[in-house]
Amino acid sequence: MNFNIKYISLAIVALTATMATAQTTEEEEDRLNGGTITVVKAYDPTISDAFKVKSNPSFNDTTKVKKKSVTYSIFSVPVASTFTPAKSPLGKLKKAQRPKYYQNYARLGLGNYINVLGEFAANFELDRDSDLGVFFNHNSSQGGIDEAIADDSYSDTSLDVSYGKRTRDMNWGITAGARYQTANWYGDYENGLNLLTEDTDVAFNYLSYALGGKATFFDGVFKGVDVNFTGTTSSNDGSEIRFNAQPQLGFDILDTEVALGVELDYLSGSFDTQGLIPAADEYTYLKAGLNPSINLYGDNYKVKLGATVNYLNNSEASESDVYVYPDVVASYIVVEEKFIPYVTLGGGLDMNSLQQFAAENVFLAPAIDVIPTSRLLDAQLGFKGKISENFGYKVFGGYKIEESKSFYNKGVGATTTTGLEAYEYGNVFYTQYADLNTTLYGATLSYDVNTAFNLSLNATGFSYDVSEGDAFNNVASHLPEFTADLVGNYEINEKWNVGATLYFVGERDAFRNGVGAETLDSFVDLNLDVNYKINPKLTAFLRGQNLTGGNYEYYLDYPVQNLQIMGGAVYKFDF
């Protein structure tokens, strides 16, 4: 058994040294800026290549100024329109009309590379206490990257249907969805024995599906539960199923909040087709966990003291183990809104899955190793606050210790020249595992004048120490040493809105089995989004993406689409 008691001790020592405190709450916005619609969700490429920057900038810990990012669920997509009342001929004040909010929208965009973007979101109020929601998304391209010889087209289509019910004692809902991804292994090894041609069929696909439910209870010890069933299949005979349940309990002891999280996670998969680097044919894991914690509050501080205990059973290897991780969050208000030190000490057992890997890097080999990652320690120490009413900041440093961390590595392809499969041209990625220690440091600045203008800057540096990865020379494959992003939005007037995002990703090492480490160049990727509100229901948009990056490679041998332009419209409506 692997009890990481030393990390619990470290959590207590750090907590005593910091005496940290409650984070200030932020004012929630309830209207949409600029007459455009923003659906916030896990990364989903728009007109840009589906395989470039894999995540949007995150500011979840930043002390924002006055406002916070607006997030809309599938059940409601409100759209604001502005009404200016005309003057009364008698000089009497006329009551201003409230802005109109719409429950539904449709978006269509077309661009070069024959890129197509389609979205549809609808909310049906069945009665005053229940809703039915539908969300459809389609993003595709016919390709045409200059450096790609083989077909580089792709498509990504998803559909989600949700039902929610509200009662006096509880709220509950169920969701069903599916996602279909198609792509091509166009990134072959240029010095390999075999090279792709225009006629080489390198197409593949993934189909994912899910059914889930969630309930929140207002009274009693039992606070809520999340239950999800997911499945994934591939065109190369890979398959996976997963069941996850997370009940949550909460109660008070001597005026102290006590919470108990429970988790049950079952994952099982198999591969009928192997790549050139063999992987396990089957994998089955069962994780059970407890997460007790207490919350302590004061005028200037907030402290969460907890721990996570996980039991993991590996059925294929007939092995089991127990892991213990710290779960501590604390902050202390030194100067109201100006200076707030904080500390977090966490960890956890991450159940990696085929579905997760395919969503992150779709160019996988037909069979990959799927192994859980143990985050023995995930710590961060920093401070945040406001320099002025409009200027927020955050400065932080952190350290992470991970066992069995996954890395994406490639091969050189087959050593024969006949009877080749589509994945034998050195054009697929395999998952290989090692232990990783990461030191990170960074800062975030946010400037927010009002709802019409806001600007955020993030910068983070990383240092890696890889061990137990002799199979790939302990290379931190595809991990950058520095990243930065600048995100801004400016509402010029009630008709015009402009948004911009600038990404910088530093140089990265990428490992190729049989060759060694290769260097991927850094890149700067600029994206612009211009919106014009024709009327309260109809908005036209023009997007430019990857305006500065060229055909950079986010993953080894896979250049992305160069400058992309897309135009389209969003129509908001009620049934």
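Could you please find all residues in segment 425-453 being part of a strand (DSSP E or B) and more than 20 Å from VAL395 (Cβ to Cβ)?
Of everything in segment 425-453, those that are part of a strand (DSSP E or B) and more than 20 Å from VAL395 (Cβ to Cβ) turn out to be PHE429, TYR430, THR431, GLN432, TYR433, ALA434, ASP435, LEU436, ASN437, VAL449, ASN450, PHE453.
Scan (1) part of a loop (DSSP other than H, G, I, E, B); (2) closer than 30 Å to ASP465 by Cβ; (3) charged (D, E, K, R) for the single condition GLU421 breaks and write down its number.
(2)
Could you list, in sequence order, the residues of segment 251-269 that are closer than 15 Å to LYS223 by Cβ, of a type in the set (A, V, I, L, M, F, W, C) and modelled with pLDDT of 95 or more?
Selection gives VAL258, ALA259, LEU260, VAL262.
Considering only residues of segment 534-574 that are more than 26 Å from the chain's Cα centre (by Cα) and basic (Lys, Arg), which is nearest to GLN142 (Cα to Cα)?
Among those residues, the one meeting the criterion is LYS572.
Is it the case that some residue within segment 397-411 is outside any strand (DSSP E or B) and either in contact with a strand residue (DSSP E or B) (Cβ under 8 Å, 6 or more places away or on another chain) or within 30 Å of ASP557 (Cα to Cα) (or both)?
Checking segment 397-411: at least one residue is outside any strand (DSSP E or B) and either in contact with a strand residue (DSSP E or B) (Cβ under 8 Å, 6 or more places away or on another chain) or within 30 Å of ASP557 (Cα to Cα) (or both).
Looking only at segment 204-219, count how many residues are among the aromatic types (Phe, Trp, Tyr) and open to solvent by less than 20 Å² (accessible area, probe 1.4 Å).
So the first thing to find is which residues in segment 204-219 are among the aromatic types (Phe, Trp, Tyr), and the list is 204, 206, 209, 217-218.
Next cut, open to solvent by less than 20 Å² (accessible area, probe 1.4 Å) only: 204, 206.
Final tally of qualifying residues: 2.
Name every residue in segment 484-506 that is at pLDDT below 95 and polar (S, T, N, Q), in order of residue number.
Once the filter is applied, which keeps residues that are at pLDDT below 95 and polar (S, T, N, Q), segment 484-506 yields only ASN493.
Go through segment 116-151 and give me each residue that's out of contact with any strand residue (DSSP E or B) (no Cβ under 6 Å at 6 or more places or on another chain) and not hydrophobic (A, V, I, L, M, F, W, C).
Result: ASP127, ARG128, GLN142, GLY143, GLY144, ASP146.
Please give the number of the condition ALA150 fails out of (1) closer than 27 Å to PHE429 by Cα; (2) outside any loop (DSSP other than H, G, I, E, B); (3) touching a residue at least 24 places away in the same chain (Cβ under 8 Å); (4) of a type outside the set (Phe, Trp, Tyr).
(2)
Which residue pairs have Cβ atoms closer than 6 Å, lie 6 or more positions apart in sequence or on different chains, and pair a first residue in segment 536-553 that is part of a loop (DSSP other than H, G, I, E, B) with a second residue that is of a type in the set (Lys, Arg)?
PRO536/LYS100; LYS537/LYS572
Hey, can you tell me all the residues within segment 525-535 that are assigned to a loop (DSSP other than H, G, I, E, B) and of a type in the set (A, V, I, L, M, F, W, C)?
Within segment 525-535, just ILE534 meets the criteria.
Somewhere in segment 305-316, is a residue in a loop (DSSP other than H, G, I, E, B), modelled with pLDDT of 95 or more, open to solvent by 30 Å² or more (accessible area, probe 1.4 Å) and not charged (D, E, K, R)?
Taking every residue of segment 305-316 in turn, at least one turns out to be in a loop (DSSP other than H, G, I, E, B), modelled with pLDDT of 95 or more, open to solvent by 30 Å² or more (accessible area, probe 1.4 Å) and not charged (D, E, K, R).
Condition first: open to solvent by 60 Å² or more (accessible area, probe 1.4 Å) and at pLDDT 95 or above. Now tell me which residues in segment 144-160 satisfy that.
First, pick out the residues of segment 144-160 that are open to solvent by 60 Å² or more (accessible area, probe 1.4 Å): 146-147, 149, 151, 159.
Listed by number, the residues that qualify are ILE149, ASP151, LEU159.
Per-residue answers, yes or no, for (1) of a type in the set (A, V, I, L, M); (2) over 22 Å from the mean Cα position of the chain (by Cα); (3) open to solvent by 60 Å² or more (accessible area, probe 1.4 Å):
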residue: ASN450; (1), (2), (3): no, yes, yes
residue: VAL466; (1), (2), (3): yes, yes, no
residue: VAL475; (1), (2), (3): yes, yes, no
residue: THR483; (1), (2), (3): no, no, no
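In segment 317-335, how many are part of a loop (DSSP other than H, G, I, E, B) and among the polar types (S, T, N, Q)?
1
Out of the residues in segment 278-299 that are at pLDDT 95 or above and not in a strand (DSSP E or B), which is farthest from GLN246 (Cα to Cα)?
Once the filter is applied, the top-ranked residue is ALA279.
Collect the residues in segment 406-448 that are modelled with pLDDT under 95 and crowded, with 22+ Cβ neighbours inside 10 Å, keeping them in residue-number order.
GLY411 - this is the single residue of segment 406-448 that is modelled with pLDDT under 95 and crowded, with 22+ Cβ neighbours inside 10 Å.
Which is farther than 21 Å from ASN228 by Cβ, open to solvent by 50 Å² or more (accessible area, probe 1.4 Å) and modelled with pLDDT under 95, of GLU403, GLU389?
Answer to the selection: GLU389.
Out of curiosity, is GLY192 at pLDDT below 95 and either surrounded by 18 or more Cβ atoms within 10 Å (Cβ to Cβ) or among the hydrophobic types (A, V, I, L, M, F, W, C) (or both)?
Considered against the rule, which asks whether it is at pLDDT below 95 and either surrounded by 18 or more Cβ atoms within 10 Å (Cβ to Cβ) or among the hydrophobic types (A, V, I, L, M, F, W, C) (or both), GLY192 comes out as yes.
When residues of segment 467-511 are filtered for being in contact with a strand residue (DSSP E or B) (Cβ under 8 Å, 6 or more places away or on another chain), of a type outside the set (D, E, K, R) and outside any strand (DSSP E or B), how many remain?
Qualifying residue count for the region: 13.
Would you be able to say whether some residue in segment 336-348 is assigned to a strand (DSSP E or B) and among the aromatic types (Phe, Trp, Tyr)?
For segment 336-348, residues assigned to a strand (DSSP E or B) and among the aromatic types (Phe, Trp, Tyr): present.
The values are calculated or read from the model by the stated rules, or taken from the named source; none is laboratory data. All values derive from a computational prediction rather than experimental measurement. For neighbour counting, all protein chains shown are included, and Cβ atoms are generated from backbone atoms with ideal geometry for every residue, glycine included. Only protein heavy atoms, including side chains, enter the accessible area calculation; ligands, DNA and RNA are left aside. Shrake-Rupley method; radii C 1.70, N 1.55, O 1.52, S 1.80 Å.
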